[in-house]
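Input: a single structure, listed below in structure tokens.
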Amino acid sequence: MAQITSGIRSILSHPAMYNFTQNFLGVRKARRILTSEYFPNKKGLRILDIGCGTAEILEFLPEDIHYVGFDASMQYIEQARQRFGNRGEFFSELVNSAHLNHLGKFDVVLAFGVLHHLDDPETAMLFDLAVEALDHNGSVITVDPCFCPEQSAIARWLIEHDRGQDVRNENGYCQLASTHFSNITSTLRHDLLRVPYTYLIMNCKNEAEQSATSDASEHQ
Ligand SMILES: C[S@@+](CC[C@H](N)C(=O)[O-])C[C@H]1O[C@@H](n2cnc3c(N)ncnc32)[C@H](O)[C@@H]1O
């Protein structure tokens, strides 16, 4: 995972400082918009959040969902358990196939702010796991800082100084997703934070698998 954790950015390893910085920039608004505009509105939605951080996304999700969060940071997971204990299952580990065997299938695999910390092979591994975890009509939703020609100088500067060392442009993220998913919808948003910033939201599905699954059930 390519992430700068030295110097001034080391303070972001502390959950309270991480959340303070995120709130200052307005990431709560980004989470609110993401969950209301990009998540399926389905009772009992099953969400696997890879790189969940302190699981702040739960603030914007209804009580009746099933939520499982994984994060490499034990400190972030401790904070998630303290704040949201009974609202989900939290694991301070890298998610792997063995976990997925007993967790079942998910409607949404979320990776908010994760891909730009991963190099190409690591991203492919995350997508492998996401494909394995998804129910037949489910989707992977990713949100990451993104370079694009029309963004403001402030947005570009902030993104260039992110802890993540693998920020890409829209084409770069979509190319990576296209090795695992046949249907990718990508949206560039410049309005999700309080400050000028560019996020790319991708919604990735596998249409071939979906139609194969529905064909199979039609013929039963
Ligand atoms: C920028 S933070 C985003 C946290 C959270 N999704 C949010 O929106 O606040 C990225 C997180 O991804 C975690 N991470 C990166 N790769 C991971 C992996 N393969 N499995 C679990 N956590 C991972 C890091 O520990 C870090 O906490």
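The values are calculated or read from the model by the stated rules, or taken from the named source; none is laboratory data. On a predicted model such as this, the values are computed, not experimentally measured, just so you know. In this analysis, Cβ positions are derived from the backbone assuming ideal geometry, glycine residues included, and neighbour counts consider all displayed protein chains. Accessible surface is based on the protein model in full, side chains and every heavy atom, while ligands, DNA and RNA are left aside. Shrake-Rupley method; radii C 1.70, N 1.55, O 1.52, S 1.80 Å.
Miscellaneous remarks
- Condition met for residue 109 (touching a strand residue (DSSP E or B) at 6+ places or on another chain (Cβ under 6 Å) and more than 9 Å from the ligand (Cβ to nearest atom)): yes
- Residue in region 121-131 that is in contact with a His (Cβ under 9 Å, 6 or more places away or on another chain) and charged (D, E, K, R) present: yes
- Long-range neighbours under 6 Å by Cβ, at least six apart or interchain, first residue under 12 Å from residue 80 (Cα atoms) within region 42-70, second open to solvent by 30 Å² or more (accessible area, probe 1.4 Å): 54/79; 58/87; 68/89; 70/91
- Strands (runs of 3 or more DSSP E) within region 78-175 that include 3 or more residues over 17 Å from the mean Cα position of the chain (by Cα): 134-147
- Among residues of region 112-139 that are of a type in the set (Phe, Trp, Tyr), those with a Cβ under 8 angstrom from a residue that is at pLDDT 95 or above and part of a helix (DSSP H, G or I), sequence gap 6+ or separate chain, pair up as 112/31; 112/34; 112/57; 127/176; 127/177.
Residue-wise test of (1) of a type outside the set (Gly, Ala, Ser); (2) open to solvent by less than 40 Å² (accessible area, probe 1.4 Å); (3) closer than 24 Å to residue 14 by Cβ.
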| site | (1), (2), (3) |
| --- | --- |
| 90 | yes, yes, yes |
| 96 | yes, no, no |
| 138 | no, yes, no |
| 143 | yes, yes, yes |
| 147 | yes, no, no |
| 151 | yes, yes, no |
| 156 | yes, no, no |
| 167 | yes, yes, yes |
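- Boolean, residue 71 is in contact with a helix residue (DSSP H, G or I) (Cβ under 9 Å, 6 or more places away or on another chain) and surrounded by 14 or more Cβ atoms within 10 Å (Cβ to Cβ): yes
- Boolean, residue 43 is over 20 Å from residue 130 (Cβ atoms), open to solvent by 70 Å² or more (accessible area, probe 1.4 Å) and assigned to a loop (DSSP other than H, G, I, E, B): yes
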